[in-house]
1. Return the residues of the stretch 57-79 that are open to solvent by less than 50 Å² (accessible area, probe 1.4 Å) and at pLDDT 90 or above; say none if nothing qualifies.
2. Residue under question is SER44, and the condition is that it be polar (S, T, N, Q) and modelled with pLDDT of 90 or more; does it hold?
3. Out of curiosity, is SER13 surrounded by 10 or more Cβ atoms within 10 Å (Cβ to Cβ) and more than 13 Å from the chain's Cα centre (by Cα)?
4. Every residue in the stretch 1-10 that is open to solvent by less than 70 Å² (accessible area, probe 1.4 Å) and assigned to a helix (DSSP H, G or I), please.
5. Please determine, by comparing only the residues of the stretch 16-56 that are among the charged types (D, E, K, R) and assigned to a loop (DSSP other than H, G, I, E, B), which one is surrounded by the fewest Cβ atoms within 10 Å (Cβ to Cβ).
Amino acid sequence: MSNILSVFNPPPSRDLSSDEIGKKCIPCTAVQSIAALIGGFWFSSPNQFKDKVTGKIDLKKNPLWWQRSVRGSGIVLFGLGAYRAGEVIQMLLHDRLE
């Protein structure tokens, strides 16, 4: 059966084994952590609001409420990245101790 037909006629579902359910992906979590940390660092810095020519922040283009909301979401994203990094460390320690 071709891949296109398998989209419209998927194979029947199956129950997952306990090994498949409890398995965590360390590389996936590490990449998520790095992406969230870098994105959070970028959004929480004031650099994205500065004009490239003058180096000043234009308050007409970027009002204060917008700057604070973007910076606040950057802080939340940085916190999520730190949390996910902690999960990676826990997974690595759990694998090492077993």
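The values are calculated or read from the model by the stated rules, or taken from the named source; none is laboratory data. The structure presented is a predicted model; accordingly, all values stated were derived computationally and were not measured. With ideal geometry, Cβ positions are generated from the backbone for all residues, glycine too; neighbour counts draw on all protein chains shown. Protein only, heavy atoms only, side chains kept; ligands, DNA and RNA dropped before computing areas. Shrake-Rupley method; radii C 1.70, N 1.55, O 1.52, S 1.80 Å.
1. Of the stretch 57-79, the ones open to solvent by less than 50 Å² (accessible area, probe 1.4 Å) are 62-63, 67, 70, 72, 74, 79.
PRO63, GLN67, VAL70, GLY72, GLY74, GLY79, listed by residue number.
2. Working: polar (S, T, N, Q): yes; modelled with pLDDT of 90 or more: yes.
Here the answer is yes, as SER44 does meet what is asked.
3. Values: surrounded by 10 or more Cβ atoms within 10 Å (Cβ to Cβ): no; more than 13 Å from the chain's Cα centre (by Cα): yes.
So SER13 fails the test.
4. Here is the first cut: in the stretch 1-10, the residues open to solvent by less than 70 Å² (accessible area, probe 1.4 Å) are 2, 6.
Listed by number, the list holds a single entry, SER6.
5. Of the residues in the stretch 16-56, the ones among the charged types (D, E, K, R) are 19-20, 23-24, 50-52, 56.
Within this subset, residues satisfying the condition of being assigned to a loop (DSSP other than H, G, I, E, B) are 23-24, 51-52, 56.
Values: LYS23: 9, LYS24: 12, ASP51: 11, LYS52: 5, LYS56: 9.
Restricting to residues being among the charged types (D, E, K, R) and assigned to a loop (DSSP other than H, G, I, E, B), the top hit is LYS52.
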